[in-house]
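The values are calculated or read from the model by the stated rules, or taken from the named source; none is laboratory data. Just so it is clear, the model here is predicted, and its values are computed rather than measured. We place every Cβ from the backbone using ideal geometry, glycine too, and count neighbours over all the protein chains shown.
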Amino acid sequence: MRLNRILFWWVAALLPFLAGSQAIAQEDLLRTTSEPGNRGGKLVIAQRSEPRTFNPVVANDQNSYGVNARLQADLIHINRATQKTELALAKSWTVSKDGTQFTLKLRRGVRFSDGQPFDADDVLFSFKVYLDERVHSSQRDLLLISGKPLKVEKLDAYTVRFTFPSPYAPAERVFDGLAILPRHLLEKDYQAGKIAQEWTLTTPPAQIAGLGAFRLKQVIPGDRIVLERNPYYWKIDSKGQRLPYLDELTFVVVPTQDAQVIRFQAGDSQIISSLSADNYAALEAEQKARHFKLYDAGPGLEYNFLMFNLNDDVEGRLPEIARKQKWFRDVRFRQAISAAIDRAGIVRLVYRNRAAALATHVSPGNKAWFNSSVPIPVRSLPHARELLKAAGFSWNAENMLLDSSGQPVEFSIVVSSSNSQRNQIATLVQADLKAIGISAHVVPIEGRSASDRLLNTHDYEAIVMGLVSGDADPAPDLNILMSNGQSHFWHLGEKTPATPWEAELDQLMQKQLVTLNYQQRKKIYDRVQEILAQQLPMIYLASPNILVGAQENLGNFHPAIIEQYTFWNAEELFWLTPAGK
Amino acid sequence: MKSPTPAFSGLRSTDSVPRFTWAIWFLLAIHAMVAVAGFIAPYNFETQDREHPYAPPTRLHFVDCSGKIHFHPFVYVTKAAGNDLNDYQQDCAQTAGIEFLPHGDGYTILGMFSSTRHLFGVRAPANLFLMGTDGFGRDQFSRLLYGGQVSLFAGFVAAAFSVIVGLLLGGIAGMYGGKIDDAAMRFAEFFIAVPWFYLLIAVRAFLPLQISPITAFLLVVSVIGMVGWGRPARLVRGVILSARERNFVLAARGFGASNAYLLRRHLMPLTFRVLLTQMAVLIPQFILAEVILSFLGLGIGEPFPSWGNMLAQAQQYHVLVSYWWMLLPGLAPIPVFLAYHSLAETLQERIKSNI
């Protein structure tokens, strides 16, 4: 009798655990390999501005991506540290021999952060939304392969097949960042044609759900966004603990980097992303005393360059620019400018040696695709002068460069006034060009005005700017390098390639997109880099290192060179001391 | 206007005479130094020493590493130590004495005399950075002198501009009265009320790219001057309004003098002192306006220095905490402002005692 009662209590006490273990057994959870950590604690991250939306369908700015990627999950994910793809909501995937069909098996038993189950219908719904022209999703372009959309079919409740219209080399990388949306919450809005207006900053948190590690708890507009742990998240650590470890993740708005540095020093935020080399140096001495650690992750995917306006629609409209384009179009002129620029000086003065000088847009940080046989240009004034002489330029008695019709070579360099590093680069370039007799005026203008000139009015002569590749893969460069690309900045709106080398670039970029073999594809992309280094449509200058910092007792902190550099693995971050802040 | 008692004004004016001379001499000296910046500065304002970014002020030595005393001051050659260029070390083996009238970067003074001789300097590879260098390795001391040309000139030109416009419009308003007066004064008030800062930003944004930084800067300066004429115009109007009823003016009018003649011969000269005081008040105001504009990146562009854009670099956190010498340009305007203010005050006193 007594024994029975003890047994009864034992069973009763164990029941929740048994039920729990059964639930886990039904769920296809992803077991991570990172260091197992401790549950609990909060983490505060500062962002330049608040996200514009929680809606992954229309989000198109870094701040929104940063927060949304914590709230949502994708089928296949790019591991920011290895730059390779890994499983996420897909349990496995197979590729057809011709590389056009991807069959994805989905995890069973996974739940959205509001407790509703996830299955193939959610995947189908999500891709329907992304591909719908009326929604104007920023992801739609990614899903069009040579203008044709990919096809999505449901094979069963947990199997989905994606068919590409043609072989697609980046293949499964396309799935990264495509959040799987909760059909149960958004389908009605989609049918009513107003999905793009949903999930704004004013939407009550309870109406927003996702498959990400965190869910929305509180929004204080203009100040902070608080996320809390998603109890249904589908990752566990090697010890079987469900991720994420942190109870709360807070994004605070701190508009300038200097203010972010001060907040980080004060301990108000525990992670700092994309430090400038100057601030890195200023913080370095305090590491021990203030218990934080700085990391130099090496050159990132940002590239800064000087570019001349080669748009042909300025003819007649902007005669002064059209006149100067005769110089800009001459490749020897561009090569001379490139040879005159002291890239080592830029690396040393602007980035305090925490950057890499560039020959092309591919930085040495992009290990899989960097062409190391393209030499990084070293400053050589004699070489620059030789090139200019060959192109018909001459110098007067005051060492001023004159073109073949005797006009002095003068141009303005536009730079966004808010970016101090690019302003510094422009000033160095200005001094370098003076040495070969070119008088360049640096014109710092407000960022939006600069991009309006670049994209719409084409009213600029030269510009110093920077771009950040979204991925290590060559595919995102298509937009810039293809002559009809939307971001073919030096000459927008080309209907047919304006030069033979642009025609060759088009051909090569198309070819690499359908070449499935990595070695062959690398060879093609190497050639692309050779052409760029030779033709210099953009005069590539430098790629800064990714410099970040975090409190020293933050576990699993592995900064990466792809966004988000510091908290891409937020679900794995934990406080080494259990009572951590 | 009520005149102060003679005893009171006499006391004030004797009291202010020494200040007056002090201020004048000081201002003359500063302006002269700035005018011959090329000669006094050891380097050109745009000479970059890319091996010495953010180098601290060079130390002048009389005692060398081995403890020997020298009567001729000298410097050691410095080199950046470490990767991040935060630390400079002296090389005891390499010294360079301070030279007087050495040859260096070329310069022109007031657009007339060209030379390569400087007041002092050291021979390369040593450097003489009396106030350290900025992030491009440019000598702060030289830039401060050249920057004074921009800042002081901007203040002067803008003040002169607004005083001249103020004199014309204020004079006409005070002389003719009635509707003309009303119209001119409302116009002046409109300009006082204009948020000039936004106006400047707008003007700067619409300037074409091809114009040189100096032209762009002059345009900005004239805009500052344009906007500032409201107050002097009001003052002039007040003086003329009261003076036009005075006996000698009425007498002249009685003899048949025309309005234009009266204005030119009898009334405008009365405003002279008021305008002088206004100048002394406005110049520092406009110098400050230039410093603020440049601080915000709307002033003269790189590589030209001005006190404002030199100070603007100290906006950055790392500069603020690491390189104290970058704050020196912030101190430069202070004595200039003090001198101008004391000048204005003295002028004010004299006017009071003379009326």
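Can you give me the number of residues within segment A:80-94 that are crowded, with 16+ Cβ neighbours inside 10 Å and touching a Ser or Thr at 6+ places or on another chain (Cβ under 8 Å)? Can you show your working first?
At the first step, the residues of segment A:80-94 found to be crowded, with 16+ Cβ neighbours inside 10 Å are A:80, A:83, A:85, A:87-91, A:93.
Checking the rest, the ones that are also touching a Ser or Thr at 6+ places or on another chain (Cβ under 8 Å) come to A:93.
Matching residues across segment A:80-94 total 1.
Here the helices (runs of 4 or more DSSP H) wholly within segment B:257-355 that include at least 1 residues being without any contact (Cβ under 8 Å) to a residue 12 or more places away in the chain and hydroxyl-bearing (Ser, Thr, Tyr) are B:259-262, B:317-322.
Against the list (1) surrounded by fewer than 19 Cβ atoms within 10 Å (Cβ to Cβ); (2) closer than 22 Å to residue A:497 by Cα, the condition residue A:324 fails is (1).
The single condition among (1) away from chain A (no Cβ under 14 Å); (2) crowded, with 22+ Cβ neighbours inside 10 Å that residue B:262 does not satisfy is (2). Scanning segment B:53-89 for residues being closer than 24 Å to residue A:353 by Cβ and either acidic (Asp, Glu) or within 10 Å of chain A (Cβ to nearest Cβ) (or both) gives a total of 9.
Residue selection: residue B:108 fails the criterion of being over 25 Å from the mean Cα position of the chain (by Cα) and either modelled with pLDDT under 90 or closer than 18 Å to residue B:30 by Cα (or both). Taking segment A:271-289 as the range and being more than 13 Å from chain B (Cβ to nearest Cβ) and either surrounded by fewer than 18 Cβ atoms within 10 Å (Cβ to Cβ) or more than 25 Å from the chain's Cα centre (by Cα) (or both) as the test, the residues that pass are A:287, A:288, A:289. Applying a threshold of 9 Å to beta carbon distances and a minimum spacing of six or more residues, or different chains, the list of pairs starting in segment A:252-263 at a residue that is touching a residue at least 24 places away in the same chain (Cβ under 8 Å) and ending at one that is part of a helix (DSSP H, G or I) and surrounded by fewer than 21 Cβ atoms within 10 Å (Cβ to Cβ) reads A:252/A:263; A:253/A:63; A:254/A:262; A:254/A:263.
Could you pull out the residue among B:143, B:123 that is basic (Lys, Arg) and surrounded by fewer than 23 Cβ atoms within 10 Å (Cβ to Cβ)? Walk me through how you get there before you give the answer.
Working: B:143 fails: surrounded by fewer than 23 Cβ atoms within 10 Å (Cβ to Cβ).
On inspection, the qualifying residue turns out to be B:123.
Per this entry, residue B:116 is not counted among residues that are in a strand (DSSP E or B) and within 21 Å of the chain's Cα centre (by Cα).
The numbered conditions (1) more than 13 Å from the chain's Cα centre (by Cα); (2) more than 14 Å from chain A (Cβ to nearest Cβ); (3) farther than 29 Å from residue B:202 by Cβ; (4) not β-branched (Val, Ile, Thr) are all true for residue B:311 except (3).
Condition check: in a strand (DSSP E or B) and in contact with a Cys (Cβ under 9 Å, 6 or more places away or on another chain). Does residue B:93 satisfy that? Here the answer is yes, as residue B:93 does meet what is asked. Of the helices (runs of 4 or more DSSP H) lying entirely inside segment B:135-218, those containing at least 2 residues that are under 23 Å from residue B:297 (Cβ atoms) span B:140-176, B:196-206.
Condition (residue is of a type in the set (A, V, I, L, M) and over 22 Å from the mean Cα position of the chain (by Cα)) applied to segment B:213-222: is it met by at least one residue? No; the residues of segment B:213-222 include none that is of a type in the set (A, V, I, L, M) and over 22 Å from the mean Cα position of the chain (by Cα).
Within the option set A:541, A:513, being in contact with a helix residue (DSSP H, G or I) (Cβ under 7 Å, 6 or more places away or on another chain) and in a strand (DSSP E or B) holds for one residue only, A:541.
Taking the numbered list (1) surrounded by fewer than 22 Cβ atoms within 10 Å (Cβ to Cβ); (2) in contact (Cβ under 8 Å) with a residue 24 or more places away in the chain in turn, residue B:174 passes all entries but (1). Determine the pairs where a residue that is more than 15 Å from residue B:269 (Cβ to Cβ), located within segment B:239-253, has a partner that is surrounded by 11 or more Cβ atoms within 10 Å (Cβ to Cβ) with Cβ atoms under 7 Å apart, the partner being 6 or more residues away or on another chain. If the second residue must be surrounded by 11 or more Cβ atoms within 10 Å (Cβ to Cβ), the pairs left are B:241/B:174; B:253/B:262.
Please go through segment B:195-245 and give me each residue that is aromatic (Phe, Trp, Tyr), within 14 Å of chain A (Cβ to nearest Cβ) and crowded, with 21+ Cβ neighbours inside 10 Å, ordered by number.
Going residue by residue through segment B:195-245, those that are aromatic (Phe, Trp, Tyr) are B:196-198, B:206, B:217, B:229.
Cutting the leftovers down to within 14 Å of chain A (Cβ to nearest Cβ) gives us B:198, B:206, B:217.
Passing the criteria: only B:217.
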